[in-house]
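Peer 1: Sharing a structure here in C-alpha cells format.
The values are calculated or read from the model by the stated rules, or taken from the named source; none is laboratory data. Note that this is a predicted model, so its numbers are computed, not measured. Cβ sites come from the backbone with ideal geometry, for glycine too, and all protein chains shown count toward neighbours. SASA here: full protein model, heavy atoms, side chains in, ligands and nucleic acids out. Shrake-Rupley method; radii C 1.70, N 1.55, O 1.52, S 1.80 Å.
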Amino acid sequence: MNIGTDLKANEQAFKDVFQNCSDVKFREIAINDQPKLLMIYTDGMVDTDIVLSHVLKPLLYNGQPKGLGAMDSIAHMFNRELLPVLETMRLSDTTAIAELILKGHLALLIDGEPHALLADIQRFEARSIEEPTEEATLRGSKESFTENLRTNTTMIRRILGTPKLKMESYKIGSLSQTEIVITYIEGKVSTDVLKTVRERIGKIELEGILESGYIEESIEDFHFTPFQQMGNTERPDVVAAELLEGKVAIITNGSPFVLIAPVTFWGGLQAPDDYYERFLFVDFSRWIRFMFILFSVLFPSLYIALTNYHQEMVPLKLMTTIAMLREKSPFPTVIEVLLMELMFEGLREAGIRLPMQIGPLVTVAGALVIGEAAVRAGIISAPIVIVVAAAGIASFVIPRYRAGYPLRMLRFPLLVLSGLFGLFGMAVGIIAILIHMIHLSSFGTPFFSPVAPLASRRLKDILVRKPRKLVKRSGPEAESS
C-alpha cells in the first residue's frame, strides 16, 4: 500500500502499523507558512545529533529554497545536508518505509506529498572489538568479529583491499528481516559452490534469524551427522585466509561468528597459528596434535578392550596392578568408564555455563574432589580416573572448540562396542565412522578430502607445512617437492 497526500491520514496509517510500539516516535513540525512535516523514527536506533543539526536546524533557519515546490524543497535540503554523510532515498510504499524505520532510518513525511524522504541515521550501542574468546591465538591478529554487520565487513575489507572481494547482501526471516552478506573473491571462488550457497539461502523460510547457526542448519548438506558441514570462526584473519583459498563466507547481522563453506574434516584440526610460525615448529605441533586427538578418541575404548578381552596383550606386571586396583570395584570396567566420561563432560559443561570467575575453579575443584572421593569410596578404580582424565585433557589440543564436539560424542559408541565385543567391536566402530565421513560432503566438496579421494599434492599440507619459498616456487621442482 502506498501513502497518500494527506499528512493526517498517513500519520494514522503508520500509527496503526506501529500500534503498541512505544519506541517508535512521531514528531510533527510546523514552520511558519511551510507545509507541515512529520518525522517518524525508532528511539534508541537513530543518531539524535544528526536529526538536530542536519534536519531541524536547516528547516528552522534556512526555510524553503525559492522557486521550488514543497517536496523538491525538502528533498533539496535533505540532499544538501545529509547526502555528504548519509544515504537518502524517496519511497512511497508503506511496508518498505515501516521496515526501514525499524532498521534505524528517519522518515520525513510532507503534507500534500505522496512520498516519504528517508535517511539512514542509525546509531545504537554495540560491543567494541575484543580478543577472540573461543579461538586462542599466540601469534597473529587479536581482533574478533562483533555483532555489528558493517563492523565485520569492514574488518575483512581492511585485510583484503581488492575490488575482487565481493559482498552480496540478502535479507532473510519473514519477521526479523535479518541482513546477511555473502562474501567471496571473484576469480578464486568455485562458481558451483557460490551458486549452491545462493540457491540454498534463497530457499530459507524462517520467521526469524537470531544467530548464524540458524543459517548453518538450514543450508547444510547432511543433518543427521555429528560432523559440521560448515566452518565458523570469530577471527577476521581466518576468514580472509579461507577466502583466499576460494571459499565462501556468510556474515550474519547480530552474530560474531562467520560461516565458511565448504569445509573438510582436516580443516578443523589446523590452527591459524600454523601459518604464522616457523614451519619446523608447526610440523612438530601438528604431529603432537594428531597423536593426542587419536589418543583422546581411542584410549578409553582401547583400555576397556584390552583389560576385558585381551589381557594377554598387556604386560603381566601392569595387568596385575590394574587387577589389584579393580578388585574392590562394584561395576564392570565399561560402566566405570561411561560413568566417569559422563561426569567429565558434565564438569566441562558446568565450566562453560558458569560465570567466568568461578567456572574454571568449579571444574578443576570438582574433578579433583569427585575423582578422589570416588576412588577412596571404592566406587571407581584409580586406573579409570587416569584413563578418562588423560583422554579428556588430550581432547583440548583441538584448535577449534566446535571441531572437537563430534570426536567427544563418538567416544561413547566406541566405548559400548569395545565393552561388548572387544577389539573387534572397536574396529567395527572405527570402520563405520570412516565410511560415514567418506560419504559426507560439504557443498560438493568431499568431507574427508584430500585423504579420500586421495589428492597427494594437497595431502602434504595436512602432514607438514613447507617453507613459503618452496610453496611459491613454480616449475617441475615445486611439483615434486
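Peer 1: Can you send over the carbon and sulfur percentage of the accessible area for region 174-326, probe radius 1.4 Å, protein chains only?
Peer 2: Roughly 63 percent of what the probe reaches on region 174-326 is carbon or sulfur.
Peer 1: Considering the dipole of the chain built from charges on the beta carbon (Lys and Arg +1, Asp and Glu -1) around the Cα centre, which of L440, F227, A452 is farthest to its positive end?
Peer 2: Positive-most Cα among the choices belongs to A452.
Peer 1: Under a Cβ-Cβ cut-off of 14 Å, what is the net charge of the residues other than F448 that fall near it, where Lys and Arg count +1 and Asp and Glu count -1?
Peer 2: 0
Peer 1: Tell me the net charge near A9. Cut-off is 12 Å between Cβ atoms, A9 excluded, with +1 for each Lys or Arg and -1 for each Asp or Glu.
Peer 2: -2
Peer 1: Can I ask one more? If you count the DSSP beta bridges with both ends in the chain, what percent of them are antiparallel, to the nearest 5?
Peer 2: 100 percent
Peer 1: Using the structure shown, select from K195/K460; K103/K195; K164/K188 the pairs with a Cα to Cα distance greater than 19 angstrom.
Peer 2: Over 19 Å Cα-Cα: K195/K460; K103/K195.
Peer 1: Can you compute 3J(HN,Hα) from phi for each residue in region 248-253, using the Karplus curve 6.51 cos²θ - 1.76 cosθ + 1.60 with θ = phi - 60°, rounded to whole Hz and x for Gly and Pro?
Peer 2: 10, 10, 10, 9, 10, 5
Peer 1: Shifting gears a bit: Extension gain I438-Q19, at 0.36 nm per residue separation less the Cα-Cα distance, in nm?
Peer 2: Here the answer is 145.4 nm.
Peer 1: So, one more: Report, as a whole number in µm² per second, the diffusion coefficient that Stokes-Einstein gives for region 280-446 at 37 °C and 0.692 mPa s using the Kirkwood radius over alpha carbon pairs.
Peer 2: In µm²/s, the coefficient is 189.
Peer 1: Now, a different point. Keeping all protein chains in place, calculate the accessible area per residue for the chain (probe 1.4 angstrom), answer in Å².
Peer 2: 53 Å²
Peer 1: Local charge sum around R465 (other residues, Cβ-Cβ under 13 Å, Lys/Arg +1, Asp/Glu -1)?
Peer 2: +3
Peer 1: Dimensions of region 120-253 along principal axes (Cα, Å, largest first)?
Peer 2: 37, 35, 34
Peer 1: For the pair S128 and A390, what calculated FRET efficiency results from E = 1/(1 + (r/R0)^6), where r is the Cβ-Cβ distance and R0 = 51 Å, to the nearest 0.05?
Peer 2: Computed FRET efficiency for A390 and S128 comes out at 0.80.
Peer 1: Taking only DSSP H segments of four or more residues, each worth -39500 (n - 2.57), what value at 222 nm results for the chain once the sum is divided by all its residues, to the nearest 500 deg cm²/dmol?
Peer 2: Taken over the chain, the calculation gives -14500 deg cm²/dmol.
Peer 1: Next question. Starting at the first residue of region 387-396, write each ³J(HN,Hα) from the Karplus equation 6.51 cos²θ - 1.76 cosθ + 1.60 with θ = phi - 60°, in whole Hz, x for Gly and Pro.
Peer 2: My calculation for region 387-396 gives 4, 5, 5, 5, 5, x, 5, 4, 5, 6 Hz in order.
Peer 1: With charges set only on the Cβ (+1 for Lys and Arg, -1 for Asp and Glu), what does the dipole of region 204-296 come to about its Cα centre, in debye to the nearest 20?
Peer 2: Charge dipole, region 204-296, about its Cα centre: 440 debye, nearest 20.
Peer 1: Would you mind computing, in nm to one decimal, how far apart the modelled labels at D93 and V464 are, each placed 7 Å from Cα along Cα→Cβ?
Peer 2: Going from the D93 label point to the V464 one covers 6.0 nm.
Peer 1: If you take P(r) over Cα pairs in 20 Å bins from 0, in percent from the coordinates, which of (1) 18, 40, 27, 12, 2, 0; (2) 22, 55, 22, 1; (3) 20, 46, 19, 7, 5, 2, 0 do you get?
Peer 2: Recomputing P(r) over Cα pairs in 20 Å bins from 0, in percent here gives the entry labelled (1).
Peer 1: Accessible surface of S128 in the full protein assembly, 1.4 angstrom probe, to the nearest 10 Å²?
Peer 2: 80 Å²
Peer 1: Report the Cα centroid-to-centroid distance between region 317-336 and region 393-452 in angstrom, as an integer.
Peer 2: Spelled out, the Cα-based centre of one part sits 28 Å from the other.
Peer 1: Take every Cα pair under 8 Å in the chain that's 6+ residues apart, average their separations, divide by the length, and report that relative contact order as a whole percent.
Peer 2: Contact order relative to length: 13 percent.
Peer 1: Positive end of the charge dipole of the chain (Lys, Arg +1 and Asp, Glu -1 on Cβ, about the Cα centre): tell me which of I335, F18, G254 has its Cα farthest that way.
Peer 2: Going by the Cα projections, it comes out as I335.
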